[in-house]
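Undergrad: One structure follows; several queries about it will come next.
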There are 2 protein chains.
Amino acid sequence: MRAGGRTGALDRAAAVCILALCCGCLHVIALKSQLFTRLGGSSYSTETPISYETFYFDQQIDHFGFLEEGTFKQRYLVGDKLWKQPAGPILFYTGNEGDITWFCNNTGFMWEIAEELGAMLVFAEHRYYGESLPFGQDSYSDSKHLNYLTSEQALADFAVLIQNLKSTLPGAQRSPVIAVGGSYGGMLSAWFRMKYPNIVVGALASSAPIWQFPGMVPCGDFYKIVTQDFAESGYNCDANIRKSWKAINNVSSTAAGLQWLSEEFSLCKPLKNTIDVIAFKNWLQETWVNLAMVDYPYEANFLQPLPRWPIQVVCKYLGFDSAVSDYQLLHGVSQAAKVYYNYTGDSSCLNTSQTATGSLGYLGWTYQACTEMVMPMCTDGVQDMFEPGEWNFQAFSDECNAIFGVRPRADWAGIVYGGKDIASHSNIIFSNGGLDPWSAGGVTGNITNSLVSIMIPDGAHHLDLRYSNDHDPPSVRAARALEVKYFQEWIKQAKKAPRTASTP
Amino acid sequence: MRAGGRTGALDRAAAVCILALCCGCLHVIALKSQLFTRLGGSSYSTETPISYETFYFDQQIDHFGFLEEGTFKQRYLVGDKLWKQPAGPILFYTGNEGDITWFCNNTGFMWEIAEELGAMLVFAEHRYYGESLPFGQDSYSDSKHLNYLTSEQALADFAVLIQNLKSTLPGAQRSPVIAVGGSYGGMLSAWFRMKYPNIVVGALASSAPIWQFPGMVPCGDFYKIVTQDFAESGYNCDANIRKSWKAINNVSSTAAGLQWLSEEFSLCKPLKNTIDVIAFKNWLQETWVNLAMVDYPYEANFLQPLPRWPIQVVCKYLGFDSAVSDYQLLHGVSQAAKVYYNYTGDSSCLNTSQTATGSLGYLGWTYQACTEMVMPMCTDGVQDMFEPGEWNFQAFSDECNAIFGVRPRADWAGIVYGGKDIASHSNIIFSNGGLDPWSAGGVTGNITNSLVSIMIPDGAHHLDLRYSNDHDPPSVRAARALEVKYFQEWIKQAKKAPRTASTP
């Protein structure tokens, strides 16, 4: 039992970092990756210039109660240079857990198709992230101020914002709106279409693990996919990572071993004790997960600056045969980790407490995971390359209670968003990458004619939403083309079925 | 301008009663009618015996935030004598603004079809009504305690309750659930299917004015239908009611006139001044509205014990030609009013502050009208038989703020429940009575093959949900038969498309 037990003795102040130790919470680490901006890569073939204006909308703090009448400034970005008004479509990015300018810069797909569709682009920031803080600097001060950080409130923000745009922007009144999002943003875009089909005519949910909730998919599938990515990227790569945990345990059992490890990995802060070693192993586990998410076919900088097909590069250091010493093995692991953390050669040391994001976004997502976004994860060390770790809801709940004074509701997301019973909805594309561990919780088969799955076997996390690139595999080119076809179909449908006239 | 202006000088304590004065709030009066129990009538032909057990479910006070972790006991009634388990369907009444036992007793239709469908019946009480009080006796103490009284919370209650029943009741796991409701309960049943199609396979929304919201239907249509009912029930009936307001103004302009009026109407509390006269006219207006709602073809007791086709009886006293004195006219009005208030002959005097319901339900609905349920109403005295009264949202909002410290959000219901853009949903029957003023805000034409309208031209307010009766017009018999056919179709669909298997 991994969750809870190891952390019980730790003081509350450290709990936020510790939460990442529990196996079931690793999704926190993984999803937060999207907070990073794309800093560009060397091999982009086309880059439609990004040009937007920033606006702020007075948004209700509480859509579901009337006592709190306050409003906050929700940030949104509008790119309308290629919009064909009147009635040209609006592509609406349903912002996820981070600064909306980062998502805007990382969703080249929308910028590239704007001209073809004559579309206006809107990127709406998710409340409690970026600049859209309901209570300013106090937004994260306690559970009272955090109480309005839910996906339902975020969806209501999007709905109210769109309704307002359509009624105030000249030429937008009859514009069909399509929701687009990736990862948690993709979950939001799918749910947005499910809950507000009056507001959006369809949704593209890219790499959206809408089924990564209790009882919907096996908790171990996520880590199995991570493992597969490594198994397929180099000889014995997964096997050697599987062995590395024991090797770390062996080596770290002496003071000299701890020192060796710290030096071998060029750690900024040397390992001192068992707790440090646990954190170190979790940091490594997170590293492999992140690599699986960003295993892109070209040099890119999403979570870190990385070479093309980074797992193949990593695995070059992990091709040992079975007869290898712990030290030799861990030397390979250290070289591999440095591909991820020091591809540019600029890092003087590696920081094991480093997270892939600013603390605000991380804390926000941790709160969301501790309330609605309960995503069971587990490992067994057999079908995956990680140390065994059960999913322990009670321990997870206790951690959440200790940190935030709230408890997660395991069944709520399934009830409110339909779980596996979503066949009555329509016009949603679920795109998933075969390399992406989040596809484990995604919709990877057609549900109906209009709830369709697009698989990108060579794709990592929402590759389809990124700028096109010369190195893109045919599968993602085909996916993007098909997505545009669906968009055009939905737009046509919307024009055929005009709004019922309203009466003033 | 009727709303606000007349009430501005009144003290805050009286505001709840005064709210009914504003033309736009008359729906409050009308909808609350459902709080009354059916006490039986002389001509019921068949009465399936009602037999249920009462249960209480620990329901989350706040489904949309995690700070308030408290629960309350939600009452629900279960009638399962005729249930064919396993997998027999569940008919689920989405309780509206009142004691659920009253709705249970007034929804004979469900009891009559239970055997044919092999159905379990569940009647779930709406939070803040009956015994389902989130904070016990404090539930109505202030706006803080009232903050969880919303339709979204109520729908979430229903969803969580059903999920729980299906997972705990042996034989219910694969039972398709159909939502049934009348009036506000019908709005809830329609919205329930729209928002939780994973929980209910279809919904019967009887007399559900889901379009009685800003910008959706003309604000005067409600009162036009009331007027039509009177116009068609007796010679000059509507014309004489239209004249009666001026007659009341004339007669009440002197102290002697006030006394005459008080005696003529056998008022328990004599009229003293202009404010009393305004209240008196509003009470009369409410009387005519209520009569339109319960213009049933048989002797019944819904709002009051009444003869069959009560408006025809009322109109017998209002058939004057134009040449009639104010006093003669008002004598007729008084006789007419007594049909409604004293059909049994048991009333010693008439109480103009009498409301048709207990104060709890009334206060709750007033709060709902003051928050989400913003239903514009207006009169012009030309196309309807009432004194002209505009819809004045600002005045209404100010009243609400004075009473509860909250302000209504005019656009919210339209955004969250789709307004007129609901065509992408499925499996909802909207039944409406041609005599029912609430049909003005109802769906009275088919939207798609599976969002269908059933009109009952001779029907008043949700006649189809009542026990069958020898005097039922053929239209309501046909409506009920068609409703059952749809239910059977939905049940068949659900069996054909079994739940996707879940993984533990």
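The values are calculated or read from the model by the stated rules, or taken from the named source; none is laboratory data. Not measured: the values here are computed from a predicted model. So basically every Cβ, Gly included, is an ideal-geometry build from the backbone, and we count neighbours across all protein chains shown. We work out accessible area using only protein heavy atoms, side chains counted, and drop any ligands, DNA or RNA first. Shrake-Rupley method; radii C 1.70, N 1.55, O 1.52, S 1.80 Å.
Undergrad: In this structure, does A:Asp458 turn out to be farther than 28 Å from A:Ile199 by Cβ, out of contact with any Phe, Trp or Tyr (no Cβ under 8 Å at 6 or more places or on another chain) and in a loop (DSSP other than H, G, I, E, B)?
TA: Considered against the rule, which asks whether it is farther than 28 Å from A:Ile199 by Cβ, out of contact with any Phe, Trp or Tyr (no Cβ under 8 Å at 6 or more places or on another chain) and in a loop (DSSP other than H, G, I, E, B), A:Asp458 comes out as yes.
Undergrad: Can you name the number of the only condition in (1) of a type in the set (Ser, Thr, Tyr); (2) closer than 21 Å to B:Gly65 by Cβ; (3) more than 17 Å from the chain's Cα centre (by Cα); (4) crowded, with 21+ Cβ neighbours inside 10 Å that A:Ser143 fails?
TA: (4)
Undergrad: Among (1) among the polar types (S, T, N, Q); (2) more than 17 Å from A:Tyr341 (Cβ to Cβ); (3) open to solvent by 10 Å² or more (accessible area, probe 1.4 Å), where does A:Asn240 come up short?
TA: (3)
Undergrad: Could you check the stretch A:117-139 and list, in sequence order, the residues that are open to solvent by 10 Å² or more (accessible area, probe 1.4 Å) and touching a helix residue (DSSP H, G or I) at 6+ places or on another chain (Cβ under 6 Å)?
TA: A:Gly130, A:Phe135, A:Asp138
Undergrad: So in the stretch B:255-277, with the set limited to residues that are in a helix (DSSP H, G or I) and either under 22 Å from the mean Cα position of the chain (by Cα) or charged (D, E, K, R) (or both), which one is surrounded by the fewest Cβ atoms within 10 Å (Cβ to Cβ)?
TA: Per the criteria, the residue is B:Glu263.
Undergrad: Can I ask one more? With respect to the numbered conditions (1) closer than 18 Å to A:Gly220 by Cα; (2) buried (at least 24 other Cβ atoms within 10 Å of the Cβ); (3) within 12 Å of another protein chain (Cβ to nearest Cβ), which one is the sole condition not fulfilled by A:Trp391?
TA: Result: A:Trp391 fails condition (2) only.
Undergrad: Identify, by number, the condition in (1) within 13 Å of chain A (Cβ to nearest Cβ); (2) assigned to a helix (DSSP H, G or I) that B:Phe109 doesn't meet.
TA: Among (1) within 13 Å of chain A (Cβ to nearest Cβ); (2) assigned to a helix (DSSP H, G or I), the lone unmet condition for B:Phe109 is (1).
Undergrad: For the stretch A:355-369, does any single residue satisfy the condition of being closer than 24 Å to A:Asp464 by Cβ, buried (at least 18 other Cβ atoms within 10 Å of the Cβ), in contact with a Pro (Cβ under 8 Å, 6 or more places away or on another chain) and not assigned by the TED database to the domain that holds A:Thr101?
TA: No: the stretch A:355-369 contains no residue that is closer than 24 Å to A:Asp464 by Cβ, buried (at least 18 other Cβ atoms within 10 Å of the Cβ), in contact with a Pro (Cβ under 8 Å, 6 or more places away or on another chain) and not assigned by the TED database to the domain that holds A:Thr101.
Undergrad: Right, another one. Quick check, is A:Leu306 crowded, with 23+ Cβ neighbours inside 10 Å and in contact with a helix residue (DSSP H, G or I) (Cβ under 8 Å, 6 or more places away or on another chain)?
TA: The answer is yes for A:Leu306.
Undergrad: Can you confirm whether the stretch A:395-407 contains a residue that is within 14 Å of another protein chain (Cβ to nearest Cβ), closer than 16 Å to A:Gln212 by Cβ and open to solvent by 20 Å² or more (accessible area, probe 1.4 Å)?
TA: No, that holds for no residue.
Undergrad: Given the options A:Ser450, A:Ser431, name the one that is touching a strand residue (DSSP E or B) at 6+ places or on another chain (Cβ under 8 Å), under 30 Å from A:Lys485 (Cβ atoms) and more than 14 Å from every other protein chain (Cβ to nearest Cβ).
TA: Checking each option against the conditions leaves just A:Ser431.
The rows are residues; the columns are (1) open to solvent by 60 Å² or more (accessible area, probe 1.4 Å); (2) assigned to a helix (DSSP H, G or I); (3) under 28 Å from B:Gln173 (Cβ atoms).
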site	(1), (2), (3)
B:Trp438	no, yes, no
B:Gly445	no, no, no
B:Ile454	no, no, no
B:Asp464	no, yes, no
B:Tyr467	no, no, no
B:Ser475	no, yes, no
B:Leu482	yes, yes, no
B:Lys485	yes, yes, yes
B:Ala494	no, yes, yes
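Undergrad: Still on this structure, please answer the following. For the stretch A:7-16, state whether one or more residues are over 25 Å from A:Gly441 (Cα atoms) and modelled with pLDDT of 50 or more.
TA: No; the residues of the stretch A:7-16 include none that is over 25 Å from A:Gly441 (Cα atoms) and modelled with pLDDT of 50 or more.
Undergrad: So is B:Leu155 in contact (Cβ under 8 Å) with a residue 12 or more places away in the chain, open to solvent by less than 40 Å² (accessible area, probe 1.4 Å) and more than 11 Å from chain A (Cβ to nearest Cβ) or not?
TA: Answer is no for this residue.
Undergrad: Further, regarding this structure: Among the residues of the stretch A:278-287, is there at least one that is outside any helix (DSSP H, G or I) and not β-branched (Val, Ile, Thr)?
TA: No, because not a single residue in the stretch A:278-287 is outside any helix (DSSP H, G or I) and not β-branched (Val, Ile, Thr).
Undergrad: Could you check, for the stretch A:282-301, whether at least one of its residues is over 22 Å from A:Gly434 (Cα atoms) and open to solvent by 70 Å² or more (accessible area, probe 1.4 Å)?
TA: Checked the stretch A:282-301: no residue is over 22 Å from A:Gly434 (Cα atoms) and open to solvent by 70 Å² or more (accessible area, probe 1.4 Å).
Undergrad: In this structure, is B:Ser348 over 26 Å from B:Asn106 (Cβ atoms), open to solvent by 40 Å² or more (accessible area, probe 1.4 Å) and assigned to a loop (DSSP other than H, G, I, E, B)?
TA: Spelling it out, B:Ser348 is indeed over 26 Å from B:Asn106 (Cβ atoms), open to solvent by 40 Å² or more (accessible area, probe 1.4 Å) and assigned to a loop (DSSP other than H, G, I, E, B).
Undergrad: Which numbered condition trips up B:Gln60, out of (1) farther than 18 Å from B:Gly181 by Cα; (2) at pLDDT below 95?
TA: It is condition (2) that B:Gln60 fails.
Undergrad: Moving on. Among the residues of the stretch B:395-448, count how many are within 13 Å of A:Asn198 (Cα to Cα), hydroxyl-bearing (Ser, Thr, Tyr) and touching a residue at least 40 places away in the same chain (Cβ under 8 Å).
TA: So the count comes out to 1.
Undergrad: Give B:Leu161, B:Leu165 a once-over and let me know the one that is in contact (Cβ under 8 Å) with a residue 12 or more places away in the chain, part of a helix (DSSP H, G or I) and more than 12 Å from chain A (Cβ to nearest Cβ).
TA: The unique qualifying residue is B:Leu165.
Undergrad: Which residue pairs have Cβ atoms under 8 Å apart, sit 6 or more places apart or on different chains, and have a first residue in the stretch A:193-208 that is more than 8 Å from chain B (Cβ to nearest Cβ) and under 12 Å from A:Gly182 (Cβ atoms) and a second that is basic (Lys, Arg) and open to solvent by 10 Å² or more (accessible area, probe 1.4 Å)?
TA: A:Ala203/A:Arg193
Undergrad: Okay, moving on. Might you check whether a residue that is at pLDDT 95 or above, of a type in the set (Lys, Arg) and in a loop (DSSP other than H, G, I, E, B) occurs anywhere in the stretch A:178-197?
TA: no
Undergrad: Please find, among B:Asp472, B:Asp411, the residue that is more than 14 Å from chain A (Cβ to nearest Cβ) and of a type in the set (Asp, Glu).
TA: Of the residues listed, the single one that is more than 14 Å from chain A (Cβ to nearest Cβ) and of a type in the set (Asp, Glu) is B:Asp472.
Undergrad: Among the residues of the stretch A:295-320, how many are at pLDDT below 90 and in a loop (DSSP other than H, G, I, E, B)?
TA: Summing the residues that are at pLDDT below 90 and in a loop (DSSP other than H, G, I, E, B) in the stretch A:295-320 gives 3.
Undergrad: May I pose another question? Hey, any hits in the stretch A:78-97 for a residue that's open to solvent by 10 Å² or more (accessible area, probe 1.4 Å), outside any loop (DSSP other than H, G, I, E, B) and touching a residue at least 12 places away in the same chain (Cβ under 8 Å)?
TA: Yes, that holds for at least one residue.
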